[in-house]
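Step one of this worksheet: look at the structure below.
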Amino acid sequence: MTFINKNIFMEFKKIILKEIKIINELNSLFENLEKINNKEERKIILKQIDSLKNLLKQTNLEIPKSLNKFNLPKPLIKSQTKDIPIFSKKKSLPEIKPLEMKLSSLEKETLKRLKKTEQKIIEKKKRKASKYVQISNKVFSHWSENILHKKSFKMLKSNLIKANLQFLPKSYLSIILFTTFLSVGFAFFLFFFFLFFNLSTVLPIITLATEGIALRFTKVFWILFTIPLATFFMMYFYPSLEEKSAGNKIDRELPFAAIHMASIAGSMIDPSKIFSIILTTKEYPHIEREFIKLLNEINLLGYDLVTALRHSAINSPSRKLSELFNGLATTINSGGDLAEFFAKRAESLLFEYRIEREKRTRASETFMDIYISVVIAAPMILMLLLMMMKVSGLGIQLSTGMITLIMVLGITVVNIGFLTFLHLKQSTEGG
């Protein structure tokens, strides 16, 4: 009996230590919250605080269950017939209720919302390849299989895995070849069109070419090579761009996920459970994909945690996440403190995150200055020069309407180019 109570006491002690670590982590998060002014960082830290509060509540509910396991007999009583001490019948201890607290209306609403359990309908979806992919595989799968073994295409396979694109390497290479084949037909169409016709900005827009065939051929033959080559290289490098974009998005979430993992690791649970808990929060959508791949290697493929971490580090699009996986594998092998490892890594990642945000802010200021100079100041100066040239009779004589049209078209083209550049930069940075 004493041995059983001792085990229960140790279990009760572990629960108390777990609550102490959660409270310490909450205190540190509240201290960091006062120092942070950024709304996004405050929002993420508040979500972590809410998750830790829920974990503290769940841990607190384990205390009455643990206390009920204690077997404490009542005092000895004497029998009326014989002076033999007997024990009273075993009765379980009354259930210990938590202390009643006065809650505000906002806290009551929050508790009601937490108690509501949403019924999730699980639907099984079968993904089938599109008709375009099926046609590409039928036409070019044999060629793709032979080309894929060459050194120049080995990087394509790695980029597809890291970018989480739902394509097999052979299928994606078949799509590249099929799309390039279609672009060749489109290039021939444009070539023959411009060989015999001209495009102009005045009506009629399409006119017959008056130049000789040989001269027209020298002007438009480049279309036959430019369009297919541009199509091939754009599709070939697309997975690497997606990989870079996915890596940048993961890097933005990683500092806060590391803080969350540090608080979970302090409860001394199985390291593989840390990733499962992070997945249930749904707060890190881009890191979630990498954690799902990691857990699939453990649960489906049967790898141990260290091996799965090594594989995930190789296939991760983020260098920082790869370093985190490798460092975690080393810490587990050496028997180190996981909570301390995550805490130190979270501190360094958060420092790098703040530096990156500062760089992006300064880059935005530079782009704003360039935009003001190119789109606002430069067209005004150019228009003044053209008007002065018209009045003085120097240089090319243009009408007022033509000068206005040139300015409008020029500003439109510059704006489109600038917006395209910003969109590409934002997508590669994971914005």
Condition set surrounded by 14 or more Cβ atoms within 10 Å (Cβ to Cβ) and without any contact (Cβ under 8 Å) to a residue 12 or more places away in the chain, scope the stretch 358-396, selection farthest from residue 248 (Cα to Cα): answer is 389
Subset of the stretch 34-45 [over 14 Å from residue 263 (Cβ atoms) and not basic (Lys, Arg)]: 34, 36, 37, 38, 40, 41
Go through the stretch 325-335 and report how many residues are surrounded by fewer than 13 Cβ atoms within 10 Å (Cβ to Cβ) and either of a type in the set (Gly, Ala, Ser) or not assigned by TED's automatic domain parsing to the domain that holds residue 311 (or both). 2
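The rows are residues; the columns are (1) in contact with a Cys (Cβ under 8 Å, 6 or more places away or on another chain); (2) among the small types (Gly, Ala, Ser); (3) under 30 Å from residue 291 (Cα atoms).
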{"position": "146", "(1), (2), (3)": "no, no, no"}
{"position": "162", "(1), (2), (3)": "no, no, yes"}
{"position": "172", "(1), (2), (3)": "no, no, yes"}
{"position": "183", "(1), (2), (3)": "no, yes, no"}
Within the stretch 261-275, can you find the residues that are modelled with pLDDT of 85 or more and either surrounded by 15 or more Cβ atoms within 10 Å (Cβ to Cβ) or in contact with a Pro (Cβ under 6 Å, 6 or more places away or on another chain) (or both)? 261, 262, 263, 264, 265, 271, 272, 274, 275
Got at least one residue in the stretch 5-24 being among the charged types (D, E, K, R), part of a helix (DSSP H, G or I) and closer than 28 Å to residue 357 by Cβ? no
Within the stretch 278-303, can you find the residues that are free of Cβ contacts under 8 Å to residues at least 60 places away in the same chain, at negative phi and among the charged types (D, E, K, R)? 288, 290, 293, 297
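The values are calculated or read from the model by the stated rules, or taken from the named source; none is laboratory data. Everything quoted here is computed from the prediction, not taken from an experiment. A quick note on method: Cβ atoms are made from the backbone with ideal geometry, for glycine too, and the neighbour counts reach across all protein chains shown.
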